[in-house]
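The values are calculated or read from the model by the stated rules, or taken from the named source; none is laboratory data. Everything numeric here is computed off the predicted structure, so don't read it as measured data. Positions of Cβ are generated from backbone atoms using ideal geometry, with glycine treated the same way; all protein chains shown enter the neighbour counts.
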Amino acid sequence: MSGVAASVAARRRPTAVAHLGQLPEAGSFVTADAAGTALLVVRQDDGSVRALANVCRHRGARVETEPAGRRKMFACPYHRWCYTRTGAIRSITFDDGFAGVSPADLSLVKHPSAQAGNLIWVVPDRSTPAEVTVPAEVGTGTLFRAATLEVDAAWDAVEARVGAAATAITPGTFARWSDGYAEVVTVRPTGVRLDRTAIGFWLLTDDGAAPGTAETHWAERVARLRAAGT
């Protein structure tokens, strides 16, 4: 498969972008770049989770620049267009030229998403629903920590190295289990030209994990993932 075809395929497959443990309350959010698609994943007031395009409808700037946090609303740093947690437009600064435009046309674009194994899954190009079956061990684990590592290596090479030592959940997303820990790793191209690689990593624990070993387990796995990206 050519580089272009592989990148197109990566945009059409479900990818994990967040764990519910990262979104503990209404307004909690994480941002992610999934195959060139900037995403804003937000816990809603009713407890649901919504995946939005992290792209202002005015000039295309990133609305949220922090990797995670909690907001009552989201304000684009460029011209301060403000959006609610649902992505609906809340206010427009200097709204000349937008008279008569439906507010729905100015809301952040919503991406179809799904929850499986306490993970939030998105198809970056919105072509199909994010339908995923996740091993039970992933869904029962408690999130210890999450991180996104960015590396310069080609994403398909990193994916091959990571996948060689893990079980595939979906193309590009893998899991492995050991000593009371479940690890979920997703590899996706990132950047405008899809010339960088983002490695999403979630470490989950269960009752079988030995007390006091999580920090060591985390450090070892992050080191191995960084090595896979070289």
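Applying the selection to the stretch 42-97, what residues are in a loop (DSSP other than H, G, I, E, B), at negative phi and among the hydrophobic types (A, V, I, L, M, F, W, C)?
Val55, Cys56, Ala61, Val63, Met73, Cys76, Trp81, Ala88, Ile92
Please go through the stretch 32-91 and pick out each residue that is farther than 25 Å from Arg12 by Cα and charged (D, E, K, R).
Result: Asp45, Asp46, Arg59, Glu66, Arg70, Arg71, Lys72, Arg80, Arg85, Arg90.
For the stretch 91-114, check the following and say yes or no: at least one residue is surrounded by 18 or more Cβ atoms within 10 Å (Cβ to Cβ) and touching a His at 6+ places or on another chain (Cβ under 6 Å).
So far as the stretch 91-114 goes, no, none of its residues is surrounded by 18 or more Cβ atoms within 10 Å (Cβ to Cβ) and touching a His at 6+ places or on another chain (Cβ under 6 Å).
Cβ-Cβ below 6 Å, separation at least six or inter-chain, first residue in the stretch 20-36 and over 23 Å from Asp125 (Cβ atoms), second buried (at least 21 other Cβ atoms within 10 Å of the Cβ) and among the aliphatic types (A, V, I, L, M): which pairs?
Gln22/Val30
Please determine whether any residue of the stretch 217-228 is aromatic (Phe, Trp, Tyr), surrounded by 10 or more Cβ atoms within 10 Å (Cβ to Cβ) and part of a strand (DSSP E or B).
No, there is no match, as no residue in the stretch 217-228 is aromatic (Phe, Trp, Tyr), surrounded by 10 or more Cβ atoms within 10 Å (Cβ to Cβ) and part of a strand (DSSP E or B).
Identify all residues within the stretch 54-74 that are of a type in the set (A, V, I, L, M) and crowded, with 19+ Cβ neighbours inside 10 Å; write none if there are none.
Selection gives Val63 alone.
Please go through (1) assigned to a helix (DSSP H, G or I); (2) surrounded by fewer than 15 Cβ atoms within 10 Å (Cβ to Cβ) for Ala165 and return the number of the only condition it doesn't satisfy.
It is condition (1) that Ala165 fails.
Just the residues that are among the β-branched types (Val, Ile, Thr) and in contact with a strand residue (DSSP E or B) (Cβ under 6 Å, 6 or more places away or on another chain), please, taken from the stretch 102-134.
Val109, Ile120, Val122, Val132, Val134
What do you reckon, is Thr148 β-branched (Val, Ile, Thr), crowded, with 18+ Cβ neighbours inside 10 Å and at pLDDT 90 or above?
So Thr148 passes the test.
If a residue must be touching a helix residue (DSSP H, G or I) at 6+ places or on another chain (Cβ under 9 Å), assigned to a strand (DSSP E or B) and of a type outside the set (Ser, Thr, Tyr), how many such residues does the stretch 30-41 contain?
3
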